[in-house]
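Enquirer: What follows is a structure written as structure tokens; I'll ask about it next.
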Amino acid sequence: MRNLPATIVAGALAAGLSAPVAAHAAAAESALQPTVTSLASVSEAAQASAQDRWSTLWYGSRNTKKLQSPALRNRAKVMQIVVQCWNGGDGTRAKAYIQRKYAGRWWTVGGSSNGYCVGGKMYHRIRNVPAGTYRAIITLSPKSHTVRAWVQNYG
């Protein structure tokens with residue numbers, strides 16, 4: 001059965017058909033072969049597509065110099081802050097960082113990210129995040145402006 005398409009091509013060529021017609025006959029024959037898909041591979045693909053995505057833990061928006069999220073529980077391995085702000089041309093910069101509550105105190109983890117508020121989105125991402133309580137802090141300096149922020153995790 002494995003050499004069936006080759007046999008069809010050879011027979012078509014012997015009958016005087018052109019090579020493209022013979023190749024089309026072989027492709028049509030191989031299209032009739034059943035494909036085997038296991039139920040396990042389908043469920044694994046469905047699980048992967050259902051789990052691997054960014055989900056928003058918190059969203060905040062207002063005109064301020066400092067925006068802070070409430071305490072959030074994180075169970076994913078990757079966490080990020082997305083910041084969008086506008087400065088009106090006065091050179092205001094935004095700084096974003098994530099803090100983790102450990103032993104009753106808030107500790108900054110993963111450093112910080114900063115940039116000018118020009119309307120685009122800025123991302124601050126940390127990886128290998130242990131489960132725990134976190135909060136995001138966004139500060140603007142030197143003036144207050146409109147800021148939008150999302151805290152997201154991947155998983």
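Only the coordinates and a few stated rules stand behind these numbers; no lab work does. Keep in mind that what you see is a predicted model, and the values were worked out from it rather than measured. Neighbour counts run over all protein chains shown; Cβ positions are idealised from the backbone, glycine included.
Enquirer: Around N87, under 10 Å between beta carbons, what's the net of Lys plus Arg minus Asp minus Glu among the other residues?
Expert: Here the charged neighbours net out to +1.
Enquirer: Let me make sure I get this right: for region 54-154, a, b and c are the square roots of the gyration tensor eigenvalues over alpha carbons, sorted descending. Under 1.5 in a/c it's rounded, otherwise prolate if a/b > b/c, else oblate. Which is it?
Expert: It comes out prolate by the Cα gyration axes.
Enquirer: Any idea how many Lys pairs in region 54-154 come in under 20 angstrom at the alpha carbon, given 8 or more places apart or on separate chains?
Expert: For region 54-154, the number of qualifying lysine pairs is 11.
Enquirer: Tell me the net charge near R73. Cut-off is 13 Å between Cβ atoms, R73 excluded, with +1 for each Lys or Arg and -1 for each Asp or Glu.
Expert: +4
Enquirer: Report the label-to-label distance for V118 and W106 in nanometres (one decimal), using points 7 Å from each Cα along the Cα→Cβ vector.
Expert: 3.0 nm
Enquirer: Each residue of region 108-116 in turn: what ³J(HN,Hα) in whole Hz from Karplus with 6.51, -1.76, 1.60 and θ = phi - 60°, glycine and Pro shown as x?
Expert: These are the phi-based 3J(HN,Hα) values: 6, 10, x, x, 9, 10, 9, x, 6 Hz.
Enquirer: Further, regarding this structure: Under a point spin-label approximation (7 Å from Cα along Cα-to-Cβ), what is the W54-R125 distance to one decimal in nm?
Expert: With each label point 7 Å from Cα toward Cβ, the separation is 0.8 nm.
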